[in-house]
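Heads up, the thing below is written out as structure tokens.
Only the coordinates and a few stated rules stand behind these numbers; no lab work does. The model shown is predicted, which means the values in this text are computed figures rather than measured ones. Ideal geometry is used to build each Cβ from the backbone, glycine not excepted, and the neighbour counts take in all protein chains shown.
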Amino acid sequence: MTAFFFGLLHTVLVLAVAPLLTGLVRLPKARLQGRQGAPAIQPYRDLWRLLQKESVIADSASWLFRIAPYLVFVSVWLAATIMPTFTTDMIMTPAADLIALVALLGTARFFTALAGLDTGTPFGGLGSSREMFVASIGEPAMLMVIFSLSLLTHTTSPANMIAYVTGGHIGIEVSAGLALVAMVMVAIAENGRIPIDNPATHLELTMIHEAMVLEYSGRHLALMEAAAMVRLLLFMSIISSLFFPWGMAFVDDGVAGVALGLLAWLAKVSALAMVLGFFESLVAKMRVFRIADFLGGALLLALLATIFLYVSEAV
Amino acid sequence: MTSADQIVALGHVSYDMAHLIGAVILMMSFGLLYQRRLTAVIRLYSFQAMVLALAAAWQAFVQDAPHLYASALIALLFKGIAVPFALNWLVRRLGIHRTVETALGIGPTMIAGVGLVALSIVLVLPVTASAAAMTRENLALAMSVVLLGLLMMITRRNAVTQVVGFMSLENGLILAAVGARGMPLVVEISIAFSVLVAMALFGIFFFRIRERFDSLDIAYLETFRGERR
């Protein structure tokens, strides 16, 4: 019963918090650029405005173009419900593991890319092709990170992984450190942040995600934007829950434990949002052809993490 | 907590820490392979030497061996500050191109690097089967750093980056040395000074090569020796 309730709470919270998090990332960036910056609640206003606008659809677009935003949004949201954040006692958590989570994100990406191609505009096609290029290395890298964590904790279920880590079964593991770096690199690429992609611009030479959703407007665009915000929150939750699970509540913890877990989760993702904002202000955008090197590096780090498990006899 | 428990707990933490510092050094070796700008390569090498100093200091603390503090200081002063300073001076003085020219692409080099790490683990594990896990891991990490330094020397065209590869290889040797118990200080000091002497010799060589070929690209040396065509 509690699992059902917490699961529901989590499902709603993920949606409610995601725009705020995106707003939080923009704050340090604006300050470092010498601007006042929009308040952190600006993304809510943007979504509200988009929802009220008329949705214009190109004549050449097929039915796929109309349903893609819903499919993308639902897949990302579903993926977000799998990942335990403030407690592991959630109804969706035992239903799927991290590999299913990657598959759901892959589905969302697939439909975004198809929608980008659907209208037949050059920018959409360019964005889709680049997105697939990023995914072709980013996805194996993320799976490799998950495999090395699974080898370390003997499970692919996120709830069991967290229980294993907080149970004090592992110390400071080099493999976990390498996996963390690889995971951060993958997260940057998957969310289209600087140095891979710049979410704030529509510069035709470099954009990836923005190019794919360029043809969308109104409620369709709102769904696409919301999916991107939930995806950012999901990746931050993955990093905070798997690598820094302290403060999280478990199955038998009462309401007080869950409240503490909730506070810890919000504090962790806000801190990550601030760090991301600072990081984005410090680095420059990469050339598109260097993305392969960047993500290849992430893949190799994840591979090294697996190799080092055998040296330290953790397996 | 009894004193025996404390020793066990400290042993665990010291093991993890040594392991972690070693992994950071290894990551920096990969960073050297990944980096494309000459000044960034030199800065990264300097950071690697500083982390090496940290590793030596940590081993000194754990093994209760004060002479290792001297090794840490040598690594910090000579390799972390003096050598990068000299290299930067050389780069400025010679006015060479600031981009790194690679003989092999970055991607294949990184893949080769991971292969070398796997190779060093495969080599070290059977040989040290009876040794403690701490020594084994340290040796595997150190050997990987040495091999990556060699790889860097092979895949770079520019003489300065080859020297950085050599220096980072030497970092790997020191990492192996500080992990092993009972390494005499004399050996370490002599290694540090021989590196400095090598540095001076390399400097003179750079000027000689440049004077003769107007470039530091060692491909010119190969044609000069008649190796190509």
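The table below gives the values:
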{"item": "Directionally averaged projected area (convex hull, Cα atoms, the protein assembly as shown), nm²", "result": "30.5"}
{"item": "Reachable aspartates and glutamates from B:Lys79, criterion Cα separation under 14 angstrom, eight or more residues apart if same chain", "result": "B:Glu170, B:Glu188"}
{"item": "Cβ crowding within 10 Å averaged over residues, with A:71-78, A:181-188 ranked highest first", "result": "A:181-188, A:71-78"}
{"item": "Sites A:Ala103 and B:Arg208 - FRET efficiency at Förster radius 56 Å, r taken between beta-carbons, to 0.05", "result": "0.40"}
{"item": "Descending semi-axes in Å of chain B, equivalent ellipsoid built from Cα gyration tensor", "result": "35, 20, 14"}
{"item": "For chain B, calculated [θ]222 nm from helices alone, where every DSSP H run of n ≥ 4 adds -39500 (n - 2.57)", "result": "-27000 deg cm²/dmol"}
{"item": "Helical contribution to [θ] at 222 nm, DSSP H n ≥ 4, -39,500 (n - 2.57), averaged over chain A, rounded to 500", "result": "-24000 deg cm²/dmol"}
{"item": "Long-range HN-HN contacts of A:Ser55 with modeled amide H, under 5 Å", "result": "A:Arg219"}
{"item": "Two-site label geometry, B:Ile81 and B:Ala200: point separation in nm, points 7 Å out along Cα→Cβ", "result": "2.0"}
{"item": "Inter-chain shielding of B:120-127 (mean C-beta neighbours from other protein chains, 10 Å cut-off)", "result": "1"}
{"item": "Label point 7 Å beyond Cα of A:Arg66 along Cβ direction - residues of the stretch A:93-115 with amide nitrogen under 19 Å", "result": "A:111-112, A:114-115"}
{"item": "Trypsin sites (Lys or Arg not before Pro) within the stretch A:190-236: DSSP coil, no more than 12 neighbouring Cβ in 10 Å", "result": "none"}
{"item": "Sparse-neighbourhood loop sites, trypsin sites (Lys or Arg not before Pro) in the stretch B:35-72 - DSSP loop, at most 15 other Cβ within 10 angstrom", "result": "B:Arg36"}
{"item": "Inter-probe distance in nm under a simple model that places probes 7 Å from Cα toward Cβ, at A:Arg290 and B:Leu73", "result": "4.0"}
{"item": "Contact order relative to length of the stretch A:38-111, as percent, for alpha carbon pairs under 8 angstrom and 6 or more apart", "result": "33"}
{"item": "Whole-Hz ³J(HN,Hα) from phi, Karplus 6.51 cos²θ - 1.76 cosθ + 1.60, for the stretch A:256-265, glycine and proline x", "result": "4, x, 5, 4, 4, x, 5, 4, 4, 5"}
{"item": "Relative contact order (%) - criterion: Cα under 8 Å, at least six apart; region: chain A", "result": "30"}
{"item": "Note, ³J(HN,Hα) from phi for the stretch B:17-34, Karplus 6.51, -1.76, 1.60, rounded to Hz, x at Gly and Pro", "result": "5, 4, 4, 5, 5, x, 5, 4, 4, 4, 4, 5, 4, 5, x, 4, 5, 7"}
{"item": "Inter-chain Cβ neighbour average for residues B:150-160, partner chain, 10 Å", "result": "0"}
